[in-house]
Amino acid sequence: MTVIEQIKEAKDTLVSFEILPPLKGKSINALWEHLDPLMEFKPAFINVTYHRSESMFKKKPDGTFEKVEVRKRPGTVGICAALMNRYKVDAVAHLICGGFNKQETEDALIDLHFLGVNNVLVLRGDAPKNESSFEPDPGGHRYAIELLQQVTNMNNAIYLEEDLKNAVRTNFCIGVAGYPEKHFEAPNMQTDLAFLKAKVDAGAEYVVTQMFFDNQKYFSFVQSCKDAGIHVPIIPGLKPITSKKQLTIIPRTFHVDIPEELSSEITKCKTDADVEIVGQEWLLKQSKELKAAGVPVLHYYTLGKPQVIANVVKNL
Ligand code: FAD
């Protein structure tokens, strides 16, 4: 089923998870060990992130360096198929503009379609670590909306080769990202919301939010979306804080605030095991309030902490 079909049929708030492909060279078993304990909660779907390649400098025998492109976490498409096969669960493949040209995107979409993966979350992706701003690859897309238009074209049997005869329609359900605390590059919230509305008007059927730690930010974002004419489901993205260093890493990486009440509790902790307890309680409190407010899905970024997520979902 597609994400939107599941949301429409659900009588209660659904639960979903998001995972990263394992690092190149690692076995998929690590992923199963991560997910097996979470499957008792019957997630409606599982998202698999996509990671662009990064440029690295490799030392040559003569002492000089050469620039090489390394994709550290390949496998998104294969993992989606493996998830569906192992757990009979719907998988959502993330697709990004960065590092792809349109032809490669089309090929990936054809693979997904043949594998029966009918859910995609279309994203722009970020600039590579050593570059200050996002630049599309030659022949690639600059914004998520352009990638989205490519997917909706294929849903209408329009491929890059326009003279294809009797081309089949794909049937992707398309989600996009939204930012309760504004995307960091947007000059203001109104502009960011106008671009989000453009993605929805172009065919996005739901929005998944960036993580947030203050539910009021989500509630006011949902209201601002309604005011801006965005009427699709807005799925809250949730993540536990499990170590002290995340107090600085999370705001720097994801451009979100950590409420003073939470940060001061974490600062008082002596060990990361203590932080995990605080983070878990906070996430449970957030989840209960969101569920009571009737959100369509609670979407958890599980990122290496399946036990914390299991403890939260168990207590909902
Ligand atoms: P866009 O919608 O393209 O927006 C990017 C910026 O451009 C925003 O500031 C927006 O306001 C502005 N903008 C949009 N359209 C236009 C336009 N037409 N003209 C001018 N400005 C415009 N990254 C990954 O690499 N892999 C992942 O798997 C991944 N998963 C994610 C999942 C979720 C739920 C979220 C919230 C983020 C994820 N990201 C992932 C990170 C994401 O790629 C970054 O946040 C990226 O910086 C923006 O992506 P976007 O799709 O929101 O971009």
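Each value in this text was obtained by applying a stated rule to the coordinates, not by laboratory testing. Owing to the predicted nature of the structure, the values given are computational and were not obtained by experimental measurement. Cβ coordinates were reconstructed from backbone atoms using ideal geometry, including for glycine residues, and neighbour counts include every protein chain displayed.
Summary table below
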quantity	calculated
Residue among VAL92, VAL122, VAL275 with the largest mean-square fluctuation in a Gaussian network model of the chain, springs linking Cα atoms under 10 Å	VAL275
Simple label model, 7 Å out from Cα along Cβ direction - ILE249 to MET39, nm	2.8 nm
Residue-averaged 222 nm ellipticity for the chain, from DSSP H runs of 4+ at -39500 (n - 2.57), nearest 500	-12000 deg cm²/dmol
Neighbourhood net charge (11 Å Cβ-Cβ; Lys/Arg +1, Asp/Glu -1) for ASN119	-3
Simple label model, 7 Å out from Cα along Cβ direction - HIS183 to LEU164, nm	2.7 nm
GNM flexibility winner over the chain from ILE230, ILE249, ILE110 (Cα, springs under 10 Å)	ILE249
Relative exposure of TYR300, TYR143, judged by other C-beta atoms within 10 Å (fewest first)	TYR143, TYR300
Check: the chain dipole with +1 on Lys, Arg Cβ and -1 on Asp, Glu Cβ, in debye	640 debye
Equivalent-ellipsoid semi-axes of the chain, from the Cα gyration tensor, Å, largest first	30, 25, 21
Calculated P(r) of segment 1-143 - Cα pairs past 24 Å, %	40 percent
Mean Cβ neighbour count within 10 Å, used as a protection proxy, ranking 217-224, 21-28 highest first	217-224, 21-28
